[in-house]
Amino acid sequence: MVCGGFACSKNALCALNVVYMLVGLLLIGVAAWGKGLGLVSSIHIIGGVIAVGVFLLLIAVAGLYMIILGLVFIFQFGISCSCLAINRSKQTDVINASWWVMSNKTRDELERSFDCCGLFNLTTLYQQDYAFCTAICKSRSSTCQMCGEKFLKHSDKALKILGGVGLFFSFTEILGVWLAMRFRNQKDPRANPSAFL
């Protein structure tokens with residue numbers, strides 16, 4: 001049997017389904033890991049990647065393709081490019097905006113878990129943050145590392161991983177659309193030859 005026939009297309013779609021399930025779980029896992037750090041909880045891009053992972057997993061389980069997969073490709077491609085395109089100054093802006101929206105309890109938890117005090121030494125608000133800091137580093141030495149630098153390091157790493165994984169696997173979705181269209185237009189050789197497609 002020649003590859004490219006009905007059985008080959010069917011097997012390729014089944015294999016692609018398994019790959020999509022794994023990719024969906026991978027996207028959810030990596031995005032949850034990045035979001036679980038706590039510092040990127042306000043970045044909507046990571047939430048978007050988790051949504052794409054869940055959606056991709058549901059599509060793979062249900063076996064739905066073509067139009068839905070094409071839309072997922074566009075959405076995932078855009079989110080992945082956004083993850084890779086965010087530069088350090090934009091990350092700093094997002095982290096800075098998030099820091100001042102957080103409750104004091106959340107800030108304290110982040111300072112303790114990352115063992116740092118304050119966000120960035122930009123204003124007198126840093127001195128206020130530093131005065132109320134409960135991190136362990138404050139009891140060990142007179143100065144602590146600023147949380148902003150630690151957050152930037154972790155967020156940059158998470159965004160690059162998310163963007164790379166999402167971008168790579170978004171192109172397999174185009175393959176899925178092509179295979180689904182091809183499979184849909186083929187006739188099963190085991191079916192009744194006089195039956196309608």
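The values are calculated or read from the model by the stated rules, or taken from the named source; none is laboratory data. The structure presented is a predicted model; accordingly, all values stated were derived computationally and were not measured. A quick note on method: Cβ atoms are made from the backbone with ideal geometry, for glycine too, and the neighbour counts reach across all protein chains shown. These area figures cover heavy atoms from the full protein model, side chains too; ligands, DNA and RNA do not enter into them. Shrake-Rupley method; radii C 1.70, N 1.55, O 1.52, S 1.80 Å.
Side notes on the structure shown:
- Dividing the summed -39500 (n - 2.57) terms of all DSSP H runs of n ≥ 4 by the residue count of the chain sets its mean residue ellipticity at 222 nm at -25000 deg cm²/dmol.
- Solvent-accessible surface ranking, highest first, for GLU111, GLU149 at 1.4 angstrom: GLU149, GLU111
- Net dipole in debye of region 70-183 [+1 Lys, Arg Cβ; -1 Asp, Glu Cβ; about Cα centre; nearest 20]: 160 debye
- Phi to ³J(HN,Hα) by Karplus 6.51 cos²θ - 1.76 cosθ + 1.60 over region 98-107, Hz, x for Gly, Pro: 5, 4, 7, 8, 5, 6, 4, 5, 5, 4
- Nearest 10 degrees, 0 to 90: helix 147-184 Cα axis against the chain principal axis: 10 degrees
- Two-site FRET efficiency, VAL19 against LYS153, from Cβ-Cβ distance with R₀ of 41 Å, rounded to 0.05: 0.85
- Each residue of region 110-118 is assigned a 3J(HN,Hα), and the resulting list reads 5, 5, 6, 6, 9, 6, 8, 10, x Hz, derived from the Karplus form 6.51 cos²θ - 1.76 cosθ + 1.60 (θ = phi - 60°), x at Gly and Pro.
- Tensor-based shape of region 70-183 (alpha-carbon gyration tensor, a/c under 1.5 rounded, otherwise prolate or oblate): prolate
- Gained length - LEU71 relative to TRP100, 0.36 nm times residue gap less alpha-carbon distance: 6.9 nm
- Against the empirical 2.2 N^0.38 Å (N residues), the chain has a Cα radius of gyration ratio of 1.43.
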